[in-house]
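Q: Please find one structure pasted underneath; my questions will follow.
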Amino acid sequence: MIAETPRPPYFAVIFTSVRTEGDHGYALMSDKMIALAQNQDGFLGIESAREETGITVSYWRDLESIHRWKVNTEHTLARAKGRSLWYKSFKVRIAKVEHDYEFTETLSEQ
């Protein structure tokens, strides 16, 4: 799914990762973190894709919202588990979205 975001500007947190083998509770925790993030003030949406490299982009109203998410107690515990159990490597990038545009295919009756 493509996240429905407001008109820019807003911020994107881009989380790129390489996982370890096996689930080890990852899917359950991922679902829990998405549900938790969705209830955070300033959260705008999320998109995720995984093959060999996983990329998750979460969208936020402002830098303060991102900081509050980073220091959330449950999120902090999940990040620690990620370092010790789920990830071989990861990188986090934070970017300001200045412009966006979209395309949606529409089917017309023939």
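Q: Can you give the translational diffusion coefficient of segment 11-54 in µm²/s, computed by Stokes-Einstein from the Kirkwood radius over Cα pairs at 20 °C and 1.002 mPa s?
A: Result for D is 178 µm²/s.
Q: Please give me the summed charge of the neighbours of Ile66: other residues whose Cβ is under 14 Å from its Cβ, Lys and Arg +1, Asp and Glu -1.
A: Net charge around Ile66: +3.
Q: Next question, about the same structure. What is the chain's relative contact order, in percent, from Cα pairs under 8 angstrom and six or more apart in sequence?
A: Worked out over the chain, it gives 44 percent.
Q: Can you put Thr104, Thr5 in order of Cβ neighbours within 10 angstrom, beginning with the fewest?
A: Neighbour counts put them in this order, fewest first: Thr104, Thr5.
Q: What is the angle, in °, between the Cα long axis of helix 26-38 and the longest principal axis of the Cα atoms in the chain? Nearest 10 is fine, range 0 to 90.
A: 50
Q: To make sure I understand, if each residue's beta carbon is the centre and we count other beta carbons within 10 Å, what order do Trp69, Trp60 fall in, fewest to most?
A: The most exposed by this proxy come first: Trp69, Trp60.
Q: With a/c under 1.5 counting as rounded, go ahead and sort segment 35-88 into rounded, prolate or oblate using the C-alpha gyration tensor (a ≥ b ≥ c being the square roots of the eigenvalues; past the cut-off, prolate if a/b is larger than b/c, else oblate).
A: oblate
Q: On to the next question. Count charges around Met29 for me, please; just the other residues with Cβ under 15 Å from its Cβ, Lys/Arg as +1, Asp/Glu as -1. Please report the intermediate quantities before stating the final value.
A: On the way: positive: Arg19, Lys32, Arg50, Arg79, Lys81, Arg83; negative: Asp23, Asp31, Glu74.
Computed value for this residue: +3.
Q: If you don't mind, there's one more thing I want to ask. With a 10 Å Cβ neighbour count serving as the proxy for reagent exposure, in which order, fewest first, do Val92, Val97 appear?
A: So the residues, fewest neighbours to most, are Val92, Val97.
Q: Over every pair of different alpha-carbon atoms in the chain, take the mean of 1/r and invert it; report that Kirkwood radius in Å.
A: 15.3
Q: Counting Lys +1, Arg +1, Asp -1, Glu -1, what net charge surrounds Glu52 among other residues with beta carbon under 14 Å of its beta carbon?
A: Taking every Cβ under 14 Å from that of Glu52, the sum is +1.
None of the figures in this text is laboratory data; all of them are computed from the coordinates on show. Just so you know, these numbers come straight off a predicted model, no measurement behind them. Here Cβ is always computed from backbone atoms with ideal geometry, including for glycine, and neighbour counts include all displayed protein chains.
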